[in-house]
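*Asks:* Attaching a single structure in structure tokens format; questions to follow.
The values are calculated or read from the model by the stated rules, or taken from the named source; none is laboratory data. Just so we're clear, the structure is a prediction, and the values are computed from it rather than from any experiment. Quick reminder, even Gly has a Cβ in these numbers, built from the backbone with ideal geometry, and neighbours come from all protein chains shown. Remember, those area values only see protein heavy atoms, side chains included, never the ligands or the DNA or RNA. Shrake-Rupley method; radii C 1.70, N 1.55, O 1.52, S 1.80 Å.
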Amino acid sequence: MDVGKAVFKILIDDADVLALVSELGTNTRIFPSRYDFPTNVLLPYITYQVVSDEPNNTKNGVSTYDYVTVQISIYDLRYSTLVDLAGKVRTALDYTSGTFRGVVVDKIFFQNQNETFDDSAGEQGFYGIVQDYRFNINR
């Protein structure tokens, strides 16, 4: 199971998110956090990573239902546009369910959010918002 497939599919299928992280629907700037994306990538962009995968243990066999925590990181040069994009990401993901690229998502729950600023990046630095979601996954 690759929850990243579901994250990517949900975000690129959302027109509001896609409009802010692509140029005319191409060169989408949504990456797995460990992806070797270009150092000159345009802002804003989004990264995602699995933080934990907790099985729902059963007495009779392997887990058929997992609780996966996914961290979504959103970056931009301007705070106002960052907050707007973070809101659109939350709207796209929170309380969503369905099958996305073969991953059966029972429900996604927004868990928390925090803000950051990297003053060592480039000439002016950039802002970031990190959001955590719990994906309830049918295996």
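*Asks:* Scanning for something surrounded by fewer than 13 Cβ atoms within 10 Å (Cβ to Cβ), in contact with a Leu (Cβ under 9 Å, 6 or more places away or on another chain) and either modelled with pLDDT of 95 or more or not hydroxyl-bearing (Ser, Thr, Tyr) (or both), does segment 51-58 turn up at least one residue?
*Replies:* No.
*Asks:* Within segment 119-128, is even one residue hydrophobic (A, V, I, L, M, F, W, C), open to solvent by less than 50 Å² (accessible area, probe 1.4 Å) and without any contact (Cβ under 8 Å) to a residue 60 or more places away in the chain? Lay out the reasoning, then the answer.
*Replies:* Here is the first cut: in segment 119-128, the ones hydrophobic (A, V, I, L, M, F, W, C) are 121, 126.
Among the residues that remain, those that are also open to solvent by less than 50 Å² (accessible area, probe 1.4 Å) are: 121, 126.
Now restrict to residues that are without any contact (Cβ under 8 Å) to a residue 60 or more places away in the chain: 121.
Yes.
*Asks:* Tally time: how many residues in segment 36-62 are under 16 Å from ALA6 (Cβ atoms) and among the aromatic types (Phe, Trp, Tyr)?
*Replies:* The number of residues fulfilling the criteria is 1.
*Asks:* (1) open to solvent by 50 Å² or more (accessible area, probe 1.4 Å); (2) over 15 Å from the mean Cα position of the chain (by Cα): which one isn't true of GLN113, the others all being true?
*Replies:* (2)
*Asks:* Taking segment 9-27 as the search range and keeping residues that are in a loop (DSSP other than H, G, I, E, B) and at pLDDT below 90, which one is least open to solvent (accessible area, probe 1.4 Å)?
*Replies:* So the first thing to find is which residues in segment 9-27 are in a loop (DSSP other than H, G, I, E, B), and the list is 14, 21-22, 24-25, 27.
Pick out the ones that are also at pLDDT below 90 and you get 24-25, 27.
Values: LEU24: 177, GLY25: 48, ASN27: 111 Å².
Only one residue tops the list, namely GLY25.
*Asks:* Considering (1) within 22 Å of SER22 (Cα to Cα); (2) in a strand (DSSP E or B); (3) of a type in the set (Gly, Ala, Ser), say which one ALA86 fails and leave the rest.
*Replies:* Here ALA86 meets the rest and fails (2).
*Asks:* So which residues in segment 97-110 are open to solvent by 30 Å² or more (accessible area, probe 1.4 Å) and touching a residue at least 40 places away in the same chain (Cβ under 8 Å), if there are any at all? Give the derivation first.
*Replies:* Taking segment 97-110 as the starting set, the residues that turn out to be open to solvent by 30 Å² or more (accessible area, probe 1.4 Å) are 97, 99-102, 104, 106-107, 109-110.
The answer is PHE100, ARG101, GLY102, ASP106.
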